[in-house]
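Structure first, commentary second.
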Amino acid sequence: MNYILVIILLLFSTVYSQDNVDSSFIFSKYEHFDYEKNGDKIRGILKEDNEVQIICLGYSKYISLKNNEINCYTICKHTIMNIIKLDNIDAINCKKLIDTLVSIDPTKITNEIDKEGNRTIVMDGGEFEVSVYKSNKTLKLYSYSPNTYMEDKFPFAENRKTFLNSYLNLTRYFYDKEFERVKSLDTIYLFIKRGKNVQYIADINKLKNIRQENYFFNFNCSSGQFINLNRFSSIEPTNTFYKKKSFLKTNSDKILHSDYLQKFTQCDLEQLINSNTKKVFIIDKDEIKGGKIKIKEVKGGTYCF
């Protein structure tokens, strides 16, 4: 009887001990101590308290989670550029993606040795990093994205796919309906005012019969360049046309102003104004004369790096 009692007590003690170990984890069994206190620094920028769980996607996107309330922050140079508060349905789905991420073993998404023992050298594709913070604990996840690196012949391929899909799905919560609307446009007009943020330089090469107009954009968190290229001898360039001022009103839903463009980071702006995904025209305020506006098709944009 005494032996049975001892066994029961030992079993109870083991279970109780395991429960204690599990409960010591704040959000993931792969977390570790945040020695550099990066979580405190980020919470200070976001003005969030210590109980908030912070998920960092790259270097500009931050998600705060507390009591099922989720906010998505876009940050640039320690300044909050945009905040989107998720509704209940989006918050539930976002929380599921976060739970999936923190359940991933970090060591199983970076192994570069295939099943034959050969080391894989990654030469292309993006790099994705997630950092999670809560209280004084942190978790870091890092992996690559090339399709060749996701093939089944490499170890932990499914973990990498899960990590990348979760990461990309989380990034969708940082953009509002207006961003998605502008992104979907096949034609946009950039209304610009030359000055501190927009510089204009015209290059003329008479020998090659080339006239190149350059517009350089330099905002706080992004930059870019657009080029209008024509023959110098052309009286009426083929990619330039004129419209009445009423054009500005009738096409206002396709016209983007500088104060709107400078709200975005480099990578966000790339999705909106690059000429390789849509037709881009510039309306230069300095060229509005006699009740008519000059509209020039341009090539270029801004590029995420």
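The values are calculated or read from the model by the stated rules, or taken from the named source; none is laboratory data. Keep in mind it's a predicted model, so treat the numbers as computed, not measured. Cβ: placed from backbone, ideal geometry, glycine included. Neighbour counts: every protein chain shown.
Which residue pairs have Cβ atoms closer than 9 Å, lie 6 or more positions apart in sequence or on different chains, and pair a first residue in region 15-43 that is part of a helix (DSSP H, G or I) and surrounded by fewer than 16 Cβ atoms within 10 Å (Cβ to Cβ) with a second residue that is β-branched (Val, Ile, Thr) and at pLDDT 65 or above?
Listed pairs, sorted by first residue: ASN38/THR138.
Please verify whether region 70-87 includes one or more residues that are basic (Lys, Arg) and buried (at least 18 other Cβ atoms within 10 Å of the Cβ). Break it down into steps so the answer makes sense when it comes.
Residues of region 70-87 that are basic (Lys, Arg), as a first pass: 77, 85.
From what is left, the residues that are buried (at least 18 other Cβ atoms within 10 Å of the Cβ) are none.
Taking every residue of region 70-87 in turn, none turns out to be basic (Lys, Arg) and buried (at least 18 other Cβ atoms within 10 Å of the Cβ).
How do the strands (runs of 3 or more DSSP E) wholly within region 178-221 filter down when requiring 2 or more residues that are modelled with pLDDT under 90 and surrounded by 14 or more Cβ atoms within 10 Å (Cβ to Cβ): which remain?
Of the strands (runs of 3 or more DSSP E) lying wholly inside region 178-221, those with at least 2 residues that are modelled with pLDDT under 90 and surrounded by 14 or more Cβ atoms within 10 Å (Cβ to Cβ) span 210-218.
Residues of region 176-203 being within 24 Å of ASN214 (Cβ to Cβ), of a type outside the set (A, V, I, L, M) and either in contact with a helix residue (DSSP H, G or I) (Cβ under 8 Å, 6 or more places away or on another chain) or in contact (Cβ under 8 Å) with a residue 60 or more places away in the chain (or both), which ones?
THR187, TYR189, PHE191, LYS193, ARG194, ASN197, TYR200
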